[in-house]
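**Q** Dropping a structure here in C-alpha cells format, bear with me for questions.
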Amino acid sequence: MAEKNSKGQGRTALIVAIVAIGLYLATIMLNG
Amino acid sequence: MSSTTAAAAHDDHHHGPEKGLLRWVKTTNHKDIGTLYLWFSFAMLLVGGAFAMGIRSELLQPGLQLFEPQFYNQLTTMHGLIMVFGAIMPAFVGLANWLIPMMVGAPDMALPRMNNWSFWILPFAGTILLSTFFMEGGAPAFGWTFYAPLSTTFAPDSTDFFIFAIHLLGFSSIMGAINIIATVLNMKAPEMRLMDMPLFVWTWLITSFLLIGAMPVLAGAVTMMLTDRNFGTAFFDATGGGDPVMFQHIFWFFGHPEVYIMILPAFGIISHIIPTFARKPLFGYSSMVYATASIAFLSYIVWAHHMFLTGMPVAGELYFMYATMLIAVPTGVKVFNWVATMWKGSMSFETPMLWALSFVFLFTIGGFSGLMLGIAPADIQYHDTYFVVAHFHYVLVTGALWGIIAAVFYWLPKWTGKMYNERLAKVHFWIAMISVNVTFFPQHFIGLAGMPRRIPDYALQFADFNFISSIGSFAFGLSFLLFTYILVDCIRNGKPAVARPWESAKGLEWTLAAPVAYHTFDEPPTRAEILAESQHS
C-alpha cells in the first residue's frame, strides 16, 4: 500500500505543479 | 508502512525527534513543521499587531501626532501584508500540517521534504519584507493591494524586495497546497471515503485548489510589475500601450479567492467545535461540503466587485453585483447548519465554543456588510471608506483569526498533552470579544459618514468614534499578551490532559494519546474506527 501510495503522491504533485506553472505563464502571456 | 519503505524513508522512524536546534531546521515531521508554522505566524501576528497599534495611535486624535503621512502609509501597507501573508495564511497551513495527517489516518504529509522547504522559505521572505523599512525611500506605501502605477512608476526602490518577498511567499503557499492535495488524495486511510473526511480536511482540500488557482496569478502580477519597473515593459503603463486597470483585474482575480483561502479553513474548524460542545452530530454534513465547493467556485467569478468605481460598463457591474449576492446562499447554508447543529443540543461553553459561537455571530456581521458593499450603486458611497476597513476586519479578525484561536484552544490539549487555564482563557476571550467590537464597530459609522481609509489625519466630525476605536484597539492588542501567557503557562505548567478532553469530540485525532506521539498512524485506521469517529455518525 505504501509503495503504491508513494507513486500516486508524486504524480498528483506533478500534475498540480504543472497547472500552477501554466496559470502563471498564462497570466503574463494573456496580458502581454 | 512496510518495514522496507520505513527504513528507506526514515532512519529514525520509530524514535523521537532529534535533539537541539537542528531538529527544527531539518525536520520533515508534520507535527514539528505545524508547530514551526504556528509559532512563526504568531510572531508575525504580534509584528502586524504592533503596526496596527501605531496606526490607531496616530488616529487617536485628529491632526498628525506621531508619524509623517508617508510613514503612516508604510505602516498600513505592511500591516496588511504581514497579517495576510505572514500571520493568517501560515497559521492555517500550520493547523493543516498538524491536523490533516491525523484526521485522515496518514503517517505524515505526502511530501515531507518539500514541507520543510515550504516552511523555511517563510522566515526569509518575512525578513526581506520587513527589511524594506530600513531602505532608502522606506517600505512600500501603496497599500496591501499594490495598485499600479503607485507600485510601479511611483514606488520606492524597496518595492523590488517586496516583489521578491511576494514571489517567495507565493511559492511557499503553492508548495503547501500541492502537499495538502497529495496528502488528502493519496495518503488518507484506504478505508476512508471522501465523504467520510472531517470538514477541516474538506475545507482545506478545497482551499488548496483555490491557492493553486490564485497564487500563480499573483506571481504573474508581481512578475509583470518587476519587468515594468526594471526591464522597460509596459504591462500596466498607459503611455506604453498598457493598462493600469488591468492590474486591478489581475490583482483581484487573485485577491478575491484569497479572502476565501483565509476563511474556508476557519469554516472547517467551526464545523468541528460546534458539534462537540452542542453534543450533537453536525447538521447537514454533505451540504457543508457542497456549500464550501460552491463558495470556492463563486469566489473566482466575482472579483470586479472590488472595482465598481473603475468605470466598468453597467452590464459588468450588474453581473458582478448579482454574482456576489449569490455567495450569500452557500454561506447562509453553512450558518444555518451551525445554528441547526446547536438546536436542542446539550450545550456547554468551554473556551473553544465561546470563540466558535462569537465567530458565527461576528463573521455574519462581516458577511452582511460585505453584501452591502457588493451592491454596485451603494458602493459608490462606501468605496475606500472606513466602512470597508470595518467589513474586512470583521471577516478577517472575528472570522479567520477567531477560527485560528478557537482551533488552538480546541486542539492544544492534543498537541501539548496539557490543559490550558480555562478561567484565564475565558477572561481572555471576553476581553478580546468586547475590545474587538469597540475597535471595529464604530468604524462602520465613520465610514458611512465618509471618512476615507489610508489617511493619517481626518476631519473633526470623525474624532469621537476614532477615539473609541483606538481605545478598543489598545485593549485588543493587550489581550494578546494574556493569550501569550495562557499558551506559555499551558505548555510549562498545564495539568495533564486526557486523550479526549472534550467528551463528545469526534475525529481520528482524538483516538491518539495526549500528548500525541511523534509518529502516528503507522497502521491506517480500520473502516470501523473511521465510521465510529465520523462527523455524521
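The values are calculated or read from the model by the stated rules, or taken from the named source; none is laboratory data. Please read these numbers as outputs of a predicted model, since none were measured by experiment. With ideal geometry, Cβ positions are generated from the backbone for all residues, glycine too; neighbour counts draw on all protein chains shown. With ligands, DNA and RNA removed, areas are computed over all heavy atoms of the protein, side chains included. Shrake-Rupley method; radii C 1.70, N 1.55, O 1.52, S 1.80 Å.
**Q** Within the set of other residues whose C-beta is less than 14 Å from the C-beta of residue B:407, count the net charge using Lys and Arg as +1 and Asp and Glu as -1.
**A** Charge balance in the 14 Å sphere: -1.
**Q** Would you mind checking B:19/B:495; B:19/B:506; B:188/B:280; B:188/B:426; B:19/B:418 for any pair whose Cα atoms are more than 30 angstrom apart?
**A** B:19/B:506; B:188/B:426
**Q** Further question on the same structure: Scan around residue B:262 for amide H atoms under 5 Å from its own, H built in the peptide plane at 1.01 Å from N, and keep only partners 5 or more places away or cross-chain.
**A** So residue B:262 has HN proximity to no qualifying residue.
**Q** Pop a pseudo-label 7 angstrom from the Cα along the beta-carbon direction at both residue B:485 and residue B:238 and give the gap in nm to one decimal.
**A** About 5.6 nm separates the two model spin labels.
**Q** Starting from the Cα-Cα distance between residue B:301 and residue B:461, subtract it from 0.36 nm times their residue separation and give me the gain in nm to one decimal.
**A** Between residue B:301 and residue B:461, full extension yields 53.8 nm more.
**Q** Would you tally the net charge around residue B:308, using a Cβ to Cβ cut-off of less than 10 Å, leaving residue B:308 out, and scoring K and R as +1, D and E as -1?
**A** In short, -2.
**Q** Tell me the total accessible area that A and B bury against each other, 1.4 angstrom probe, in square angstrom rounded to 100.
**A** 1700 Å²
**Q** Shifting gears a bit: Run the helix sum for chain B: -39,500 (n - 2.57) per DSSP H stretch of 4+ residues, divided by residue count, reported at 222 nm to the nearest 500 deg cm²/dmol. Working shown, then result.
**A** Working: 19 runs with 343 residues, N = 537.
Theoretical 222 nm ellipticity from helices: -21500 deg cm²/dmol.
**Q** Further question on the same structure: Would you work out which of B:321, B:203, B:84 lies farthest towards the positive end of the dipole of the protein assembly as shown? Charges go on Cβ: Lys and Arg +1, Asp and Glu -1.
**A** B:203
**Q** With the alpha-carbon atoms as the only input, what is the per residue convex hull volume for chain B in Å³?
**A** Spread over its residues, the Cα hull of chain B gives 148 Å³ apiece.
**Q** List the residues of segment B:187-215 that lose 20 Å² or more of accessible area once all protein chains are present, compared with their chain alone (1.4 Å probe, heavy atoms only, no ligands or nucleic acids).
**A** Those are B:187, B:190, B:212, which lose 20 Å² or more relative to the chain on its own.
**Q** Applying the Karplus parametrisation 6.51 cos²θ - 1.76 cosθ + 1.60 with θ = phi - 60° to the phi angles of segment B:30-46, what ³J(HN,Hα) value in whole Hz is obtained for each residue in order, glycine and proline being reported as x?
**A** Each residue of segment B:30-46 in turn: 4, 6, 4, 5, x, 4, 4, 4, 5, 5, 4, 5, 5, 4, 5, 4, 5 Hz.
**Q** While we're here: Expected output is a single nm value to one decimal: the length gained when fully extending between residue B:475 and residue B:347, i.e. 0.36 nm times separation in residues minus the C-alpha distance. What is it?
**A** 43.1 nm
**Q** Checking the cross-link filter: which aspartates and glutamates have an alpha carbon closer than 15 Å to that of residue B:414, excluding same-chain neighbours under 8 positions apart?
**A** The qualifying aspartates and glutamates are B:32, B:503, B:509.
**Q** In addition: Please list B:307, B:187 from largest to smallest accessible area, probe radius 1.4 Å, with all protein chains kept in place.
**A** B:187, B:307
**Q** Hey, another quick one. With every protein chain present, what is the per residue accessible area of segment B:417-503 (1.4 Å probe, Å²)?
**A** Dividing the accessible area of segment B:417-503 by its residue count gives 50 Å².
**Q** Taking the Cα centre of each part, how many Å lie between segment B:218-251 and segment B:506-537?
**A** 49 Å
**Q** For chain B, which longest stretch is free of loop sites, where a loop site is one of the chymotrypsin sites (Phe, Trp or Tyr not before Pro) that DSSP puts outside H, G, I, E and B and that has at most 13 other Cβ atoms within 10 Å?
**A** Value returned for the longest uninterrupted segment is B:350-537.
**Q** Quick query: amide H of residue B:385 versus all other amide H atoms, modeled in the peptide plane; which residues come in under 5 Å with a sequence gap of 5 or more or a different chain?
**A** When sequence neighbours closer than 5 places are left aside, the close amide H contacts are B:453.
**Q** May I pose another question? Grab the Cα-Cα distance for residue B:127 and residue B:287, subtract it from 0.36 nm times how many residues apart they are, and report the gain in nm with one decimal.
**A** 53.4 nm
**Q** Under 5 Å between amide H atoms, partner at least 5 residues away or on a different chain: which partners does residue B:418 have, H built in plane at 1.01 Å?
**A** B:497
**Q** Here is a further query. Please work out the Cα center distance from segment B:34-111 to segment B:287-306, rounded to the nearest Å.
**A** 24 Å
**Q** According to a simple spin-label model (label point 7 Å from Cα along Cα-to-Cβ), what is the distance in nm between residue B:422 and residue A:30?
**A** A separation of 5.3 nm, rounded to one decimal place.
**Q** Right, next: Quick one: Karplus J couplings for segment B:211-218, per residue in order, coefficients 6.51, -1.76, 1.60, θ = phi - 60°, nearest Hz, x for Gly and Pro?
**A** Each residue of segment B:211-218 in turn: 4, 5, x, 9, 5, x, 5, 4 Hz.
**Q** Carbon-plus-sulfur fraction of the accessible area of chain B, 1.4 Å probe, in percent?
**A** Numbers: 14160 of 20170 Å².
Result for chain B: 70 percent of the exposed heavy-atom area is carbon or sulfur.
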